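The values are calculated or read from the model by the stated rules, or taken from the named source; none is laboratory data. The structure displayed is predicted, hence computed values, not measured ones. Cβ sites come from the backbone with ideal geometry, for glycine too, and all protein chains shown count toward neighbours.
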Amino acid sequence: MSEKVYDAVIVGAGMSGLAAGVRLAQYDRNVCVLEKHSMIGGLNSFYRRGGRNYDVGLHAMTNYVPKGAKTGPLARVIRHLRMPWDEFGLTQQNGSSIAFPGVELNFTNDFKRLETEIADKFPSQIDGFRKMVAGLAGYDQLGLGAAGGSAREYVSQFVSDPLLVDMIFCPLLYYGGAREQDMEFGQFCVMFRSIFLEGFARPHDGVRHILLKLLKKFRNLGGELRLNSGARRFETRNGEVSSVVLESGEEIRAKRFLSSAGWPETMKLCGADSDVVNQCPAGKLGFVETISVLDVPPKRIGHDKTIVFFNDSDRFSYRNPDALVDLRSGVICSPNNFAYSEPLEENMTRVTALANYDLWRKLSPDEYKREKLRWYERILESATRFVPEFRGHVIDVDMFTPLTIERFTGRVRGAIYGASDKKYDGTTPYRNLFVCGADQGMVGIVGALVSGVVIANRYALND
């Protein structure tokens, strides 16, 4: 075993792990980030296939604020990471919508647009909606505590129309819901602000732009990144972690350990008993996503919206489906439809829908391939009810399922948003081991960055 002892070892080179690494390296901590795969990014990564670049996970960054803004999670995390606003290279959305039977709500990064839409289409609800929004203003998005209770119960105190309640929740759940049908009030506050009060943006070059900027800063500060270095187990004694043993058999020692692998995944690495693992059990919700490369920009065929959240039923169902895929609702994202000054190299449309992990897992390899092809066609057929027909322009495709996510991220059941119950304070039964990322309670790119910074500040900078 190497005699070197790091100040901190971080498991996972996703957004939260890299952000924590940057924050600690700024204060001259000797930091090593371990990543089991050959690529950084975790749940928000990128890859190249058939000569084309693809993002994993990124539809849009939430929490957009303009250059010079002093408040909000993005502004604060930029200050903590000491990265100029321009390094994020963000461009705002054109405009998005929530499309339900008989009604559509359009919104932009200007919250007044959504207010106007609700006043026009739900005139009896607008006063209650404004009172609801006013009640969210004081919630601390960078705190380590959680405001519990049902978000639906909170919203229903102010908004009496169940259709509008469902329309409010559809984007929030699809972009951060680890629970079926509902979320905690604190999580609701974070997600509502991030999507509606702040809004969507995207770097021209996608998620790789932010990841590579973080990696460059981390290395320039003296941080060490080790790819293809998966953790096999944590060695524990006397209530602490003494080292992490890699899949290669190498043992690495440190004073503190941070893990973005997820709560159940991390506790299993510690050999914890099932009661501890199940304090934050693996999430039930999985997703499929199709990626269609087009031969024309979406605008040319009449589709100029950035993101469309759709539902075709009287009530919105956000549950683990009974079939391989639930076609009743989903998200359609066109990365080209941000307000870029220069067009993207590729034209793409992405469609996301709820999926059943257990049913996908039961398929044989041949069945899995056939079902992917079948459901790709069905998902696109579903999506073209809400956006102009684009199937005749598709020149290349890719698709992932919950099994893809599990394989490439290690996330149990491919649950992108992690455990349904979060560990908001980041602590574990081991005094020097802490969790960051989705299972600490912060989702999305900005949420992951915030989580890494907050956990590093609180637990790994105090000697």
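Some observations on this one:
- All conditions but one from (1) touching a strand residue (DSSP E or B) at 6+ places or on another chain (Cβ under 8 Å); (2) assigned by TED's automatic domain parsing to the domain that holds Ser243 apply to Arg378; the one that does not is (2).
- Checked against (1) surrounded by 19 or more Cβ atoms within 10 Å (Cβ to Cβ); (2) assigned to a loop (DSSP other than H, G, I, E, B), Tyr340 passes all but a single condition, namely (1).
- Conditions (1) in contact (Cβ under 8 Å) with a residue 60 or more places away in the chain; (2) assigned to a strand (DSSP E or B): number failed by Glu104: (1)
Residue by residue, here is whether (1) touching a strand residue (DSSP E or B) at 6+ places or on another chain (Cβ under 9 Å); (2) under 21 Å from Ser96 (Cβ atoms) holds:
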residue: Ser150; (1), (2): yes, no
residue: Ile168; (1), (2): yes, yes
residue: Leu173; (1), (2): no, yes
residue: Glu184; (1), (2): yes, no
residue: Leu211; (1), (2): yes, no
residue: Arg226; (1), (2): yes, no
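- Number of the condition not met by Lys217 [criteria: (1) of a type in the set (D, E, K, R); (2) over 24 Å from the mean Cα position of the chain (by Cα); (3) within 21 Å of Met442 (Cβ to Cβ)]: (2)
- The set of residues from the range 439-463 being charged (D, E, K, R) and surrounded by 24 or more Cβ atoms within 10 Å (Cβ to Cβ) comprises just one member, Asp439.
- Residue within the range 365-373 that is touching a residue at least 60 places away in the same chain (Cβ under 8 Å), under 21 Å from Thr401 (Cβ atoms), surrounded by 19 or more Cβ atoms within 10 Å (Cβ to Cβ) and not small (Gly, Ala, Ser) present: no
- Every listed requirement among (1) within 20 Å of Arg458 (Cβ to Cβ); (2) touching a His at 6+ places or on another chain (Cβ under 6 Å); (3) not basic (Lys, Arg) is met by Gly89 save one, (1).
- Selection from the range 12-59 of residues that are without any contact (Cβ under 8 Å) to a residue 24 or more places away in the chain and assigned to a strand (DSSP E or B): Tyr47, Arg48
- Helices (runs of 4 or more DSSP H) lying entirely in the range 353-463 (those with 3 or more residues that are closer than 26 Å to Arg202 by Cα): 365-383, 402-409, 444-455
- Test: residue in the range 115-122 that is at pLDDT below 95 and over 20 Å from Tyr318 (Cβ atoms): no
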